[in-house]
Amino acid sequence: MTTSLTSFDMPTYTVIHPLKDVPEQKCGGEYLGKMSMTRSVRISLFVLRGYLLLMMGMLAYHVLNMAGILH
Amino acid sequence: MNPTLTKTPNRSGTFQVRSNWMRHLLTFLMVFGPGLIVMEADNDAGAVSTYVQAGSQYGLHLLWLLVLLLPVTYFIQEMVARLGIATGKGHAAMIYERFGPWWGRFSLMDLLIVNFLTLVTEFAAISLALSQLGISPYVAVPVSAVGLIGLVVTGSYLRWERIVIGLCLLDFTWFGMAYVSHPVWHQVVRSTVLPSFPATGIDSSYIFLVIAIVGTTIAPWQLFFQQSCVAEKRLRFADLKWARIDTLVGALFTILVAGAMMLIGDYGLRHGVKFQDPAQLATALAPIGGEFLRRGLLLMMVNAAVLGTTAISLASAWAYGEVQGWPHSLHKKVSEAPGFYAVYVLCVGAAAVIVLIPKLSLQLVILGVQVLAGLMLPSAIIFLQLLLNDHALLGERWVNRRWNNWVNWTIIVVLFALSLLLAAQVIAPRLFS
């Protein structure tokens, strides 16, 4: 993106727009597959599933309540 | 010719400069965009309504919350920008690749539904505001939809970005409107730096509004949008520091604009104005605040909705294209990425058509947005945090540092609790009565 060139009198910097620059080799360039299930990943996904189930439960309660089934 | 800046004639987008500060400034200006756009687009029609309502109900008592939310929005979006620069891929693609098809499809479908419902509220705001200016919804809504589609189908990311940055800068008008609403400045400063509470005490309505403001300021689509936008702009590793400044500038600007909206709501409160939506407030304020305030409020509501619509529709189109493996880029012509553009057009077109249905229950749409956003935000942020700790994907250079993780896990726990409270309040209001 920015390169410094030295001429005999003063430095000159070249600034290139990201869209015009040479593409970089990004992280995880090739397909890595699924993330390894470390303890923290397992716990996070477990908490997330619990949270989603709780929300679904509340949503079901709301729908049943609106339909008058719980009265 | 400017002695410090010359353009190399044989390669567009390449400049030669003679001073170091000019090099930094020019690089920043080239990188600038995604951070400002994602933050300003978050001040969409729903946000205008929430912030103005907060001011009209509680005066200046919720200004301190905006100050607290500034670092939170910055930390979350900084992670998104870092992930986008490191991988060059969008958020939906990363979730699909690293957590598998189930989580990938869940995140995508949730995003598409909540985004679509939000788009309906944006067009409803356009319809409301322009109706107050004497333009029929049957003209205003289709014309806005065609304009929003025309904005992206030119086959140029930069053209879209420049126009949208221009729309973001129109938000400076909010400061003018806040100024003419004659706020009591010393009270504004005091309420901004010192948390204060209404004389009536903290009731469920106050807590609900606090949660609504947090939910408005940090929205799920922002994570998907900025990462895709950074990937679209092909930002390089060395651009990270400039992307961080872009995000910080955007966060600061959006919080200041949100504060200005609260001041206008406070103006309504001080004059005993009652209203259902900001369009009604604008009309009610005209005899006191003048035509500038009325027209400004209505037009800035439209601008907020337009910004929100283009960013949210693009977040959906990018995410869908990434997961489907379709070409998904604003650099491509419509014929080169038909699926990507079709999703964008479908989102905008269908939301516009739905708003024109007579007697549409907007309340039901808003309820859907709140519930789904409550489902979406914590899961999207958990995936973001796990991806930022993915050493196999990012290597040591780009993963979160220990302090990053402490800050981010704290934010996640608070957001989880608030999302749960909000959803519980929306789904089962009697649980808290």
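May I ask for the angle, rounded to the nearest 10°, between helix B:63-87 and the longest principal axis of chain B, with both axes built from Cα atoms and the value confined to 0 to 90°?
So the inclination is approximately 20 degrees.
From largest accessible area down, sort B:Ser49, B:Ser379; use a 1.4 Å probe on the protein chains.
So, going from the largest accessible area down, we get B:Ser49, B:Ser379.
Restricting to DSSP H runs of at least four residues, report the calculated mean residue ellipticity at 222 nm for chain B, -39500 (n - 2.57) per run over all residues, nearest 500 deg cm²/dmol.
So the helix-based figure for chain B works out to -26000 deg cm²/dmol.
Counting protein heavy atoms only and a 1.4 angstrom probe, how many square angstrom of accessible surface do chains B and A bury in total, to the nearest 100?
In total, this chain pair buries about 4800 Å².
Relative to the longest principal Cα axis of chain B, at what angle does helix B:291-324 sit, 0 to 90 degrees, rounded to 10?
40 degrees
For the stretch B:127-216, list log₁₀ I(q)/I(0) at each q in 0.14, 0.15, 0.24, 0.25 Å⁻¹, using the Debye formula over Cα point scatterers of equal strength and ignoring solvent, two decimals each.
-0.93, -0.99, -1.19, -1.21
Assuming 1.002 mPa s and 20 °C, estimate D for the protein assembly as shown with Stokes-Einstein, Rh taken as the Kirkwood radius over Cα pairs, in µm²/s.
For the chosen part, D equals 90 µm²/s.
Which stretch or stretches of the stretch B:36-62 have amide N atoms under 16 Å from the point lying 7 Å from B:Leu269's Cα along the Cα→Cβ direction?
Correct set: B:49-62.
Once the other residues with Cβ under 12 Å from the Cβ of B:Tyr341 are scored (Lys, Arg +1; Asp, Glu -1), what is the net sum?
In short, +1.
Which net charge results when you count Lys and Arg as +1 and Asp and Glu as -1 among the other residues whose beta-carbon is under 9 Å from that of B:Lys89?
That works out to -1.
So for the protein assembly as shown, if I pair up every lysine 8 or more residues apart or on another chain, how many of those pairs have alpha-carbons under 22 Å apart?
Close lysine pairs under the 22 Å cut-off: 20.
Which of B:Ser196, B:Phe99, B:Ile255 sits closest to the plus end of the dipole of the protein assembly as shown, meaning its Cα is farthest towards the positive end, when Lys and Arg get +1 and Asp and Glu get -1 on the C-beta?
Value: B:Phe99.
Relative contact order (percent) for chain B, with alpha-carbon contacts under 8 angstrom and 6 or more residues of separation?
With pairs under 8 Å counted, the relative contact order is 33 percent.
Please give the residues from the stretch A:29-60 for which the solvent-accessible area of heavy atoms, probe 1.4 Å, is smaller by at least 50 Å² with all protein chains in place than with the chain isolated.
Listed by number, the residues meeting the 50 Å² cut-off are A:Leu32, A:Lys34, A:Met35, A:Ser44, A:Leu45, A:Leu48, A:Tyr51, A:Leu52, A:Met55, A:Met58.
If you place +1 on the Cβ of every Lys and Arg and -1 on the Cβ of every Asp and Glu, how big does the dipole about the Cα centre of chain B come out, in debye to the nearest 20?
Taking the Cα centre of chain B as origin, the dipole is about 880 debye.
Would you mind checking which residues have amide H under 5 Å from A:Val15's amide H? H placed 1.01 Å from N; only 5 or more apart, or other chain.
B:Phe15, B:Gln16, B:Val17
For a Förster distance of 51 Å, can you work out the FRET efficiency between the beta-carbons of B:Thr200 and B:His331, rounded to the nearest 0.05?
The computed FRET efficiency comes out at 0.40.
Once the mean 1/r over all distinct Cα pairs of chain B is inverted, what Kirkwood radius in angstroms do you read off?
Mean inverse Cα-Cα distance, inverted, gives 22.3 Å.
In square angstrom, what is the accessible area per residue of the protein assembly as shown with a 1.4 angstrom probe?
43 Å²
Calculate how steeply helix B:240-270 sits against the longest principal axis of the alpha-carbon atoms of chain B, using the helix alpha-carbon long axis, and give the answer as 0 to 90 degrees to the nearest 10.
10 degrees
The values are calculated or read from the model by the stated rules, or taken from the named source; none is laboratory data. Computed from a predicted structure; not experimentally measured. All Cβ positions, glycine included, derive from the backbone under ideal geometry; neighbour counts span all protein chains shown. Calculation scope for accessible area: heavy atoms of the full protein, side chains included, ligands and nucleic acids excluded. Shrake-Rupley method; radii C 1.70, N 1.55, O 1.52, S 1.80 Å.
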